[in-house]
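Here the structure is laid out as structure tokens; the discussion comes afterwards.
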Amino acid sequence: MKFNLTKLASLLALAFVMIVSGCSSDSDEDPLAVNSFSPPSGTVGTEVTISGQSFAPSASGNTVTFAGDVDASVTSASESQLSVTVPEGAMTGPITVTVGGESASSSSDFTVEEGEADLAINSFSPKSAEVGEEVTITGAGFADTRSGNAVSFSGDAVATVTSVSSTELTVEVPQDAQDGPITVEVDGNSVTSSESFTVQGEIPASYEDLPGNKTLISRDETWSNDTTLSGPQYVLPGVTLTVEEGVTVSFEYHNNNADDVGTIITLPADDENFSEDRPSGRLVAEGTADNPIVFTSTQKEVASWGGIILAGEASNNVPGGRGEIEGLSSGVQYGADTNGGESFNDNDDSGTLSYVQINYSGYSISDGSELQALTLYSVGSETQIDHVSVFKSVDDGIEFFGGTVDVKYFVVVGAQDDTFDGDQGWSGHGQFWLGVQTEGLPTNRGFENDGCADQADCDGGNGPSEFHVYNATIWGNDNANGETMYGMMLREGITGEYKNIIVGNFGKNTVVPIYVETDGTESNVGSSLTFGGNISFNNASNDYSSLPYSVEDVGVTEIDPQFSDAANYDFSLQSGSPAATSGVAIPSDEFYSQVNFSGAVGVKDSENDWTTNANWIKWED
């Protein structure tokens, strides 16, 4: 009983302290007051600044009344200052401010002058809106008829005026309006706002629910200067985000909050939710050899932002045609609803990545749900990807989830999972791929390529993945990590061709450099899955005797390719290298370059040595 009484006494004492503190706080709060205003007089439409205390910090929280019992438009507000426009009907007298039921009036009168006010724009609201939405312009000297006011937005787009007074116009954002100031013309005189209006693109309600603390890029946008961002940046269907050469785009660290992980995500076509059919969103990042575009993080540590995701509507073998993007906190889909009557668009265009670096990327929400440096979901063949450098990704360097996009001149340094990953029916082409697993980092396979997750139902999708990769080099880091390692692991019924590839330095517990899984995929070797011109060098084993296919079947010759300086990332070939002439014939089409060497890079200082002095490639911190 003593304990309970003591506890009750403590609670009563605490309550008393809280009451007293609350009363003290209330009594210390500054009362609402109007101390002064400027100018002391003016015509209707004049902008007046009111100084005082305890105003509401938002414009809508303050009611400002002039003599004559007419309310003024509040154009800006802080706790100590308000900006208002003298309203029609105002008379000479004090100015009153009301906040939350409490009112205070000025001690001096504001004098309303006779005569017409000079044409002026004091403010407009909202500061951004979609085409067709209303904007209210506050100012002075406006005509009293709609036809007497000509209102134009940047881009010479003329707006429709829907209501008028001498101090306020309501207009609709016109088609073709661009970001910029608003201009009002009356009787040959014109005035332009000091602030810029931002035209929003159409944002259907379904896109407001996209995951993350996001930015929705709803209209074409160009990034011309270095910029720092946070959270996912979604490029909506029908929208192109352009990044100009030499620009560095940095993402702030996410503090392990999945919703804050920085990414750029282009979204697939949409013919349902917008007012008109929209093609897939596009990221156009075209740097140059000497002035690349850099996507990175402010922290400059691996896994400190997510990476780049392009999503389209090209073919995949997901049952039903729709898949969900990995690594996000809730589902974002790609592909086409083939069960619902939609068709894939193999010529889909998700933009251009050329002379681009993607550094310090990757993020994992859970096992099997990760963000890679570059992830391509059902990306179509009209997308251009070449001369891309990936440096330090906590997951894969690149991963294909279906699609038909081609990739050329691609470098991955320091991926901590697979270097070149792909599945779900990718059927594009690749040439000149270089992957380097750097010393001291955990890594996985060089190539991990899958045909179809459910081989029994693969024909119900779009068939197995069909990789067509020529001229690649994958260099292991010789660090054992407890897994069965392969320079290349091909499985799940995959088809295609892997030719003129060098697999080297997989001295971990590697079984064979090129491994075709005995899950039925081995039956494709020599028919729908072909090899040739491949080289194995400095790997733990080249013994294929226990497998149902031979070293010749996978096109492997064990020789020293004589790299110029692999220890310092120079994988060009020395003059006289046996790899310089070991390549097999390459298909004659507009994508492939006709070369006769094996590996990603030709002879040192030749026209096929594309990595020496390449400023667009990042090799080290």
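The values are calculated or read from the model by the stated rules, or taken from the named source; none is laboratory data. Everything numeric in this text was worked out from a predicted model, so none of it was measured. All Cβ positions, glycine included, derive from the backbone under ideal geometry; neighbour counts span all protein chains shown. All accessible areas refer to the heavy atoms of the entire protein, side chains included, with ligands and DNA or RNA removed. Shrake-Rupley method; radii C 1.70, N 1.55, O 1.52, S 1.80 Å.
Hey, can you find the accessible area per residue of the chain for me, probe 1.4 Å, expressed in square angstrom? If you can, show how the numbers build up before the last one.
Details: 25660 Å² over 621 residues.
Value returned for the chain: 41 Å² of accessible area per residue.
Compute the relative contact order of region 159-266 as a whole-number percentage, counting only Cα pairs closer than 8 Å that sit 6 or more residues apart in sequence.
Working: 176 pairs, mean separation 20.3, N = 108.
Answer for region 159-266 is 19 percent.
Suppose R0 equals 60 Å; then what is the FRET efficiency for residue 103 and residue 342 from their Cβ-Cβ distance, rounded to the nearest 0.05? So, using R0 = 60 Å, E works out to roughly 0.45.
Assign one of three labels to region 91-148, namely rounded, prolate or oblate, based on the Cα gyration tensor with a ≥ b ≥ c the square roots of its eigenvalues; rounded applies when a/c is under 1.5, prolate when it is not and a/b is larger than b/c, and oblate otherwise.
Values: a/c = 3.39, a/b = 1.40, b/c = 2.43.
Oblate shape, in that a/c is at least 1.5 and b/c is the bigger or equal ratio.
Excluding residue 165 itself, calculate the net charge of residues whose Cβ lies under 13 Å from the Cβ of residue 165, where each Lys or Arg counts +1 and each Asp or Glu counts -1. Mind showing how you got there, number by number?
On the way: positive: 146; negative: 71, 88, 144, 168.
Once positives and negatives cancel, what remains is -3.
Cα centroid separation, region 191-219 to region 297-340: 23 Å. For the pair residue 565 and residue 606, a Förster radius of 22 Å applied to the C-beta separation gives a FRET efficiency near 0.90, rounded to the nearest 0.05. Computed from Cα atoms, the angle from the helix 2-28 axis to the main principal axis of the chain rounds to 60 degrees. Each label point was placed 7 Å from the Cα along the Cα-to-Cβ direction; for residue 29 and residue 272 their separation is 5.0 nm. Across the chain, the longest run free of exposed loop sites, meaning trypsin sites (Lys or Arg not before Pro) lying outside DSSP classes H, G, I, E and B with no more than 14 other Cβ atoms within 10 Å, spans 301-621.
Counting Lys +1, Arg +1, Asp -1, Glu -1, what net charge surrounds residue 196 among other residues with beta carbon under 11 Å of its beta carbon? Each step should come with its number before you reach the end.
On the way: positive: 127; negative: 179, 195.
Result for the local shell: -1.
Element breakdown for region 327-419 at a 1.4 angstrom probe: carbon and sulfur atoms account for 33% of the accessible area. Annotation note: GluC sites (Glu not before Pro) in region 89-196 located in DSSP loop regions with a Cβ neighbour count of at most 16 within 10 Å are 113, 114, 116, 133, 195. For region 400-455 versus region 102-169, the spacing of their alpha-carbon centroids is 58 Å. Within the shell defined by Cβ-Cβ distances under 9 Å, the residues around residue 270 carry a net charge of -2, with Lys and Arg each +1 and Asp and Glu each -1.
Take the solvent-accessible surface of the protein heavy atoms, probe 1.4 Å, and return the percent of it on region 502-621 that carbon and sulfur atoms account for. Please report the intermediate quantities before stating the final value.
Working: 2230 of 5340 Å².
The nonpolar share, carbon plus sulfur, comes to 42 percent.
Potential lengthening of the chain between residue 128 and residue 543 amounts to 142.8 nm, from the contour at 0.36 nm per residue minus the alpha-carbon distance.
For the cross-link pairs 214/392; 499/604; 408/499; 392/508; 408/604; 127/300, which exceed 26 Å when the distance is taken from alpha carbon to alpha carbon? Don't skip to the answer; put the middle values down first.
Details: 214/392 24 Å; 499/604 21 Å; 408/499 15 Å; 392/508 20 Å; 408/604 19 Å; 127/300 35 Å.
The pairs that break the limit, which is 26 Å between Cα atoms, are 127/300.
One entry in [x] 34; [y] 38; [z] 43 is percent of Cα pairs over 42 Å apart calculated from the shown coordinates; its label is [z].
Ignoring ligands, DNA and RNA, please state the percent of accessible area on region 66-112 from carbon and sulfur, probe 1.4 Å.
Working: 890 of 2170 Å².
The C+S portion of the solvent-accessible surface of region 66-112 is 41 percent.
Among beta bridges from DSSP that stay inside region 175-270, the antiparallel ones total about 30%. Rounded to the nearest 5, the antiparallel percentage of DSSP beta bridges internal to the chain is 35%.
Please give the length that would be gained between residue 92 and residue 245 if that part of the chain were fully extended, namely 0.36 nm times their separation in residues minus their C-alpha to C-alpha distance (nm, one decimal). Mind dumping the intermediate values first?
Numbers: separation 153, 0.36 × 153 = 55.08 nm, distance 5.94 nm.
Working it through step by step, the gained length comes to 49.1 nm.
How much of the DSSP bridge set in region 325-439 is antiparallel, in percent, rounded to the nearest 5? Could the numbers behind the result be given before it?
Values: 3 of 33 bridges.
For region 325-439, the DSSP antiparallel bridge percentage is about 10.
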